[in-house]
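Read through the structure below, which is laid out as structure tokens, and then see the notes.
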Amino acid sequence: MKQSVTCDPRTGSHDRGPTPYFHGRSDILAGFARTLSDVRATGGGMVRLIYGAPGSGKTALLHECKNAADSKGFDSFYITVPSLWEADNLREIMGQDGEYSSSESTHQVGLKGIYTWARKRVRSKTSVKRLLRESSKPLLLILDEVQSIGNKDILRPQHKAKVTELLELIHNGKIGRPIILLTAGLGSALTALKTLDISRFGEKNTSEIGSLSMEDARAVIRDWLVRDGMARGDTSEWVNIIAKESGVWPRHVHSYSVHASKHLKSRDGVMTAEGLQEIIAKGKEGRIGYYMERLSDFYVDEIKHLAKYLRKTSAGGVFDCLDVLKSLTKIYGDKKATDLFDRLLEEGVIAAKGGDGYHIPIDSMHTWLVDTYTKGKSKGHDAHRKALYDDPTQKALPPVKKDDPSQIKEKDSDPARKRGRDGHYLHGGKHHSEANPKGHNNHLSIQPLTQSVVNTPTCKLKW
Ligand SMILES: Nc1ncnc2c1ncn2[C@@H]1O[C@H](COP(=O)(O)OP(=O)(O)OP(=O)(O)O)[C@@H](O)[C@H]1O
Ligand SMILES: [Mg+2]
């Protein structure tokens, strides 16, 4: 598989986002290349969704799609949810390269030097639709974390009709230029987009991503060892062991590989058995840290009850939503069980599995949940939550008695619930990565998912 040459290798040291050593997802990339050609040839449009649990590689894949579009002569921009209805916001994003400049505001002010100032002061009267029609050049708009569209504090009811209309126009090729809106998000993005009622938007426009194939995971690890870490000698044993330990989950593959590469760099590329042990230990620590972070919005008793239920299924196995809800309802009652199920979905702890039911999208996390929370190893969970929330802006959570359902707080009044990943414009207009550098999960009153899910006898997220 090709290497992403435009990606700065330095970005590879982070656990999220683009990578210099991208492998796999060839079906999706081939499909996307066909879409680029079709849309270009017909002058039509398309809305696409890539969804998957945290760390499955959505953002990295978007970056590869962007590279593909750029090489085919598309203009491409990362947009935000508000730019679907705020023309000034979209103009700001698309105007960065000098195109799509605001003729309206420059004419009114007439001075190049204060153009930016003017653009901020004089709200253009144009609409997003009109702005998109200003050029006929093929265009790719990329919208990551699209599940926030289901958040009523972000997409307010008064903007919903506009957004639906725009998405309809794009998807039905009625903008008047070749255009693709490529979105990515957690599984809840499916439901969120569904609420917008885009016609003809169905399964063929969506792709779920999860683990890498063993072969692709090996290729990623090999690149990190050889190209980045300058490993000397035969890397097969290291590659095989690291691939197995990582559970071929993209984020874990990445973090084990980065540890390995750093280790090799500091030892002139020499591979030793002790070195490998050290890397495995560090990788495991990171893997567990990641699981704990995924669970940071939950109380230990909630996870214990989920884990108890999960014992019924083997890692990777599918379970029925009514069944898991029945089991949670016995403990928490109807409303809290439904709320818990929704939050597990929102956080990507559980995910819909191809319309058949639900699963824990990371096999090794399933095993870890069962081992940790049904075998008395969960000590430290609440301390970990507290540590995650212990920053100057968020006071520590009140203590919770473990295993006592009566101690479950109303989560909507929980300050921790106001943190997270979902919105680009939470925290007073800041992008979440600035406002929340740790990348913890926030969600502000996300629409309940299970109202529709529970009412459907099969509990399937169907279009
Ligand atoms: N196909 C791949 N090949 C190599 N590395 C990958 C691949 N997919 C993902 N990665 C790496 O794994 C890590 C996690 O990927 P990424 O941040 O894209 O996941 P995500 O699904 O967007 O996660 P989140 O939901 O937390 O935003 C990143 O460092 C990324 O570079
Ligand atoms: Mg991402």
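The values are calculated or read from the model by the stated rules, or taken from the named source; none is laboratory data. Quick caveat: nothing in here was measured; it's all calculated off a predicted structure. With ideal geometry, Cβ positions are generated from the backbone for all residues, glycine too; neighbour counts draw on all protein chains shown.
What to note about this one:
- Segment 337-366: number of residues that are in a helix (DSSP H, G or I), closer than 13 Å to L186 by Cβ and of a type in the set (G, A, S): 0
- Scan segment 302-319 for residues that are of a type in the set (S, T, Y) and surrounded by 15 or more Cβ atoms within 10 Å (Cβ to Cβ) and the total you get is 2.
- Residue that is farthest from V370 (Cα to Cα) [pool: residues in segment 255-294 that are within 16 Å of ligand 2 (Cβ to nearest atom) and out of contact with any His (no Cβ under 9 Å at 6 or more places or on another chain)]: S255
- Among the candidates R267, R294, R287, residue that is basic (K, R) and free of Cβ contacts under 8 Å to residues at least 12 places away in the same chain: R267
- Subset of segment 251-310 that is part of a loop (DSSP other than H, G, I, E, B) and of a type in the set (A, V, I, L, M) - its residue that is nearest to I221 (Cα to Cα): M271
- Selection count where residues are within 12 Å of ligand 2 (Cβ to nearest atom) and either of a type in the set (A, V, I, L, M, F, W, C) or part of a loop (DSSP other than H, G, I, E, B) (or both), scope segment 20-67: 10
- Within segment 210-231, the set of residues being surrounded by fewer than 21 Cβ atoms within 10 Å (Cβ to Cβ) and not in a helix (DSSP H, G or I) comprises G210, S213, M230.
- Near pairs, Cβ below 6 angstrom, 6+ apart or cross-chain, from segment 33-57 (touching a residue at least 60 places away in the same chain (Cβ under 8 Å)) to any residue that is outside any loop (DSSP other than H, G, I, E, B) and of a type in the set (K, R): I50/K58; G52/K58; G55/R251
- Test: D197 is more than 15 Å from ligand 1 (Cβ to nearest atom), assigned to a loop (DSSP other than H, G, I, E, B) and within 30 Å of V128 (Cα to Cα): yes
- Screening S188, S199 for residues that are farther than 19 Å from D27 by Cα, buried (at least 20 other Cβ atoms within 10 Å of the Cβ) and touching a residue at least 24 places away in the same chain (Cβ under 8 Å) leaves exactly one candidate, S188.
- Residues located in segment 168-194, provided they are more than 18 Å from the chain's Cα centre (by Cα) and either closer than 30 Å to I350 by Cα or assigned to a helix (DSSP H, G or I) (or both): E168, L169, I170, H171, I180
- The set of residues in segment 226-250 that are within 29 Å of the chain's Cα centre (by Cα), away from ligand 1 (no atom under 16 Å from the Cβ) and free of Cβ contacts under 8 Å to residues at least 24 places away in the same chain comprises N240, K244.
- Residue that is modelled with the lowest pLDDT, among those in segment 137-160 that are in contact with a Gly (Cβ under 7 Å, 6 or more places away or on another chain) and within 23 Å of K174 (Cβ to Cβ): V146
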